[in-house]
Amino acid sequence: MLKVGLTGGIGVGKSEVSRLLVERGAVLIDADRIAREVVAPGTPGLASVVEAFGTDVLAADGSLDRPGLGAIVFADPEKLAVLNSIVHPLVGARSRELEQAAAEDAVVVHDVPLLTENGLASLYDVVVVVDASPETQLDRLVRLRGMTEENARARMAAQATREKRLEIADIVIDNDVPLDDLRQRVGEVWADLIRRAHASQTPQE
C-alpha cells in the first residue's frame, strides 16, 4: 500500500485532482467528507461542537450550520483551534479505519486540506500538493463558491502559506492551467505513484 497525502489551499482545485486520481484507480479517503460525517446529527462529535459553541451553530433541522460556524472560527484562531481539537481526532480515527480496509497493493490518497497546518506530512509515503496562485484561489472562491471577497480572504489567511505547503511537497501539481493540461499532469503523477507503489512492494536485495 502506498499512502499519499494530498493537500492544497482552499480554491486550488484539489477536489478535481482527487476525482481524476480516483478515475485512474486511487482509493480516496476524503477528510472533508469524513469531517461532515463525524458531526452529523446524533453524533458525539456534533454534541461536542454544540457544547463548545452553543446552539446558535445549529440549523433549523438540527444539523450543523457549517457556513455559520465557519464564519465564527475562521475569523478567530482560538475558536478555530477549539473546533479542530474536537473534529480532527474523530477524522483521524475514521480515516485509519478506511485505510485498513483498502487492498494491500492500493494507492490510498488521503485528501487532507490541513495537512500542512497540522504537521501531518510524516504520516504519508508521498505528499502531493495542488498549487495555484492566490489570485486564482480568490477568483474561484468568489466566482464559483459565491463567497464574499472578505470571507474568501479570511479563509485563505487561516490556512498555511503557499510557501509552507510547497516546502513539504514531494510532488507538485500546478492547477493554474486549463483542465486538459491538469488531466495530463495528473496522469503523469499517477504513473509516478504506481511506480512508487510497486517499488515498495518489491523485496529489497
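The values are calculated or read from the model by the stated rules, or taken from the named source; none is laboratory data. Just so we're clear, the structure is a prediction, and the values are computed from it rather than from any experiment. Counting neighbours? That spans all protein chains shown, and the Cβs are built from the backbone with ideal geometry, glycine included. Quick note on the areas: whole protein, heavy atoms, side chains included, nothing else; ligands and nucleic acids left out. Shrake-Rupley method; radii C 1.70, N 1.55, O 1.52, S 1.80 Å.
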### Query
Under a 5 Å amide H to amide H cut-off, with H placed in plane at 1.01 Å, what residues pair with L64 once short-range neighbours are removed?
A59
### Query
Summing +1 for each Lys or Arg and -1 for each Asp or Glu, what net charge is found among the other residues whose Cβ lies under 10 Å from the Cβ of L141?
+3
## Note on the structure
Note, the range 100-116: 3J(HN,Hα) by Karplus (6.51, -1.76, 1.60, θ = phi - 60°), whole Hz, Gly/Pro = x, goes 5, 7, 7, 5, 5, 9, 6, 9, 9, 9, 8, 7, 10, x, 9, 4, 5
### Task
Only helical DSSP H runs with n ≥ 4 go in: add -39500 (n - 2.57) per run for the chain, normalise by residue count and round the 222 nm mean residue ellipticity to 500 deg cm²/dmol.
-16000 deg cm²/dmol
### Task
Give me the orientation-averaged projected area of the Cα convex hull of the range 1-55, in nm², one decimal.
5.6 nm²
#### Entry: Potential extension, V172-T43 segment - 0.36 nm per residue separation minus Cα distance
42.8 nm
### Query
By per-residue mean of other Cβ atoms within 10 Å, what is the highest-first order of 107-118, 15-26?
107-118, 15-26
### Hz values of 3J(HN,Hα) by residue in the range 71-87 - Karplus curve (6.51, -1.76, 1.60), Gly and Pro given as x
4, 6, 7, 6, 9, 9, x, 5, 5, 4, 5, 5, 4, 4, 5, 7, 7
### Query
For the range 109-205, what does the alpha-carbon gyration tensor say about shape, rounded, prolate or oblate, given a ≥ b ≥ c as the root eigenvalues, a/c under 1.5 as rounded, and a/b over b/c as prolate?
oblate
### Message
Ranking request for peptides 1-11, 54-64, 172-182, 125-135: highest mean number of other beta-carbon atoms within 10 Å first, then the rest in descending order.
### Response
1-11, 125-135, 172-182, 54-64
### Summary
Subtracting the Cα-Cα distance of D76 and T161 from 0.36 nm times their residue separation yields 28.9 nm
### Task
Give me the accessible area per residue for the range 104-205, probe 1.4 Å, as a whole number in Å².
58 Å²
#### Entry: P(r) weight above 30 Å for the chain, C-alpha pairs, percent
25 percent
